[in-house]
Amino acid sequence: GPVGFLPYLADDHDENTLANIRTIVTDVLIESHFVISDIVFQNLIIHIATSVLRMKHGHYISDQQIRLDESYNHALVVANDIMQQVCTLFTIPYSESEARFLALNIQGKREISSENYISDELNRFIYDTLVMVKDQFNVNLTEDTDFRISLALHTYPLITRMESNMQIKNAMTYEIKQKFILAFDAASVFSNELYKKYGVRITDDEISYLALHFEGAIQAQKRERSQKVLIISPQKKSFTILLRQRLTDWFKNEISTIDIVNPSKADK
């Protein structure tokens with residue numbers, strides 16, 4: 001799913017961690033009769049998982065009040081419940097500001113979910129920007145519907161944060177910039193177009209969160225294109241291990257499987 005690329009970012013952020021977060025969120029949503037679609041649910045897991053990483057590094061949303069009117073009451077109850085359980089699970093301090101920030105995110109997702117579509121305006125903006133990314137970096141993500149939905153669901157609350165001057169910190173920014181250069185560059189193009197549209201500069205920390213979405217889509221595309229290779233070689237096994245390693249290093253993004261067999265064992 002969309003959260004599959006998160007483990008690249010921290011050794012302790014394994015599939016077990018994500019499974020625990022999923023369980024907490026599922027239980028709270030069911031108990032609270034809070035209905036959201038599957039793709040919105042997956043995006044919410046990404047939001048919470050990245051928040052956990054951020055809080056583990058001591059980067060919390062600042063204490064400035066996030067004003068939420070009465071329409072947020074249900075989302076706030078849900079967010080408080082999730083945040084308290086998540087903070088207990090990962091032994092990190094609970095923060096009311098973080099719960100309010102999560103409520104902002106949940107409510108935004110609920111509105112999208114109940115309308116069951118992403119606005120034509122945002123859909124067009126994302127498509128046009130991905131065409132720019134394709135032209136600049138030769139990476140075509142315009143046909144990846146899941147990615148476009150995921151990006152839209154991330155962008156709704158990002159626009160709210162931009163307008164409210166509440167951009168969030170990201171302890172992983174340096175690492176993301178180093179590891180995912182292409183994804184960060186693509187996210188920077190996207191962010192620059194948002195700046196032109198809304199007149200607010202997006203911080204590198206926020207661009208890094210966007211880069212995670214781009215990296216997930218780029219990796220998924222590479223996996224779809226990767227080839228399986230069979231090499232028939234009379235060399236000793238010790239040499240073929242080195243050969244396999246060298247080929248993997250050279251073509252790590254193009255090859256998913258390499259099999260090396262002796263001519264005597266190859267099917268004619």
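Please treat every number below as a calculation from the coordinates, not as lab data. Being a predicted model, the structure only gives us computed values, none of them experimental. Methodologically, a virtual Cβ is constructed for each residue, glycine included, from the backbone with ideal geometry; neighbour enumeration extends over all protein chains shown.
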Mean Cβ-within-10 Å packing, highest first, puts peptides 153-166, 23-36 in the order 153-166, 23-36
Within the under-13-Å Cβ sphere about residue 158, not counting residue 158, Lys/Arg +1 and Asp/Glu -1 give a net charge of 0
Percent of all alpha-carbon pairs of the stretch 65-178 at distances over 19 Å, whole number, is 59
Given 210-218, 100-108, 40-48, 137-145, the highest-first ranking by average Cβ count within 10 Å works out to 210-218, 100-108, 40-48, 137-145
If each K or R counts +1 and each D or E counts -1, the residues other than residue 212 whose Cβ falls under 13 Å of its Cβ total -1
In nanometres, the difference between 0.36 nm per residue of separation and the alpha-carbon distance of residue 71 and residue 120 is 15.2 nm
Simple SL model, points at 7 angstrom along Cα→Cβ for residue 90 and residue 195; separation in nm is 2.9
The stretch 145-204: spread of alpha-carbon positions along the three principal axes, whole Å, largest first, is 29, 28, 18
